[in-house]
Amino acid sequence: MRPRVSITEPEKLASMRSYGDYGRASAFEYDHLVPLELGGAVNDPRNLWPEPDYPLRSGFYLNPKDKLERALNRLVCGGSMTLARAQVIIATEWVSAYHRYG
């Protein structure tokens with residue numbers, strides 16, 4: 001269950017500033033760095049970050065990290081990767097991991 005926007009919006013804006021992002025808050029999703037499906041902490045501010053949305057011509061948004069999260073979840077559940085390794089990958093090198101696993 002997600003907290004109300006009135007709670008998360010100030011946190012999201014502060015997080016955006018800490019990452020050097022000064023764009024519109026609506027262009028970012030306040031999301032878990034290590035996703036819940038990989039054992040990420042639900043309400044730990046160190047696990048929340050302003051994830052940019054990538055608009056498509058169709059009006060929908062592409063979020064490449066979401067695709068990687070699902071791929072890593074399948075690898076962990078299939079026994080091909082440890083949960084600890086998946087957590088490190090997504091927390092420290094998700095962009096390069098997307099090109100390998102996504």
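The values are calculated or read from the model by the stated rules, or taken from the named source; none is laboratory data. In this text the structure is predicted, and so the values were computed from the model without any measurement. All Cβ positions, even for glycine, are placed from backbone atoms using ideal geometry, and neighbour counts span all protein chains on display.
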_Which listed residue is without any contact (Cβ under 8 Å) to a residue 24 or more places away in the chain, out of contact with any Ser or Thr (no Cβ under 8 Å at 6 or more places or on another chain) and not β-branched (Val, Ile, Thr), from Leu13, Leu38_ = Leu13
*Residue list for segment 27-51, restricted to those being under 14 Å from Asn63 (Cα atoms) and not hydrophobic (A, V, I, L, M, F, W, C)*: Glu29, Tyr30, Asp31, His32, Pro35, Pro50, Glu51
*Say we look at segment 41-79 and pick out the residues that are over 11 Å from the mean Cα position of the chain (by Cα) and basic (Lys, Arg); which of these is modelled with the lowest pLDDT?*
Arg57
*Pairs only if they're at least six apart or on different chains, beta carbon under 9 angstrom, first in segment 65-90 and over 19 Å from His32 (Cα atoms) and free of Cβ contacts under 8 Å to residues at least 60 places away in the same chain, second buried (at least 17 other Cβ atoms within 10 Å of the Cβ) and among the β-branched types (Val, Ile, Thr); list them, first residue then second.*
Met81/Ile89; Thr82/Val76
*Please verify whether segment 82-96 includes one or more residues that are farther than 24 Å from Thr8 by Cβ and buried (at least 17 other Cβ atoms within 10 Å of the Cβ).*
yes
*Within the bounds of segment 27-40, is there any residue that is modelled with pLDDT under 90, surrounded by 12 or more Cβ atoms within 10 Å (Cβ to Cβ), within 11 Å of the chain's Cα centre (by Cα) and closer than 19 Å to His99 by Cβ?*
no
*Quick one: in segment 1-24, which of the residues that are of a type in the set (A, V, I, L, M, F, W, C) and loosely packed, with under 14 Cβ neighbours inside 10 Å is nearest to Val95 (Cα to Cα)?*
Ala14
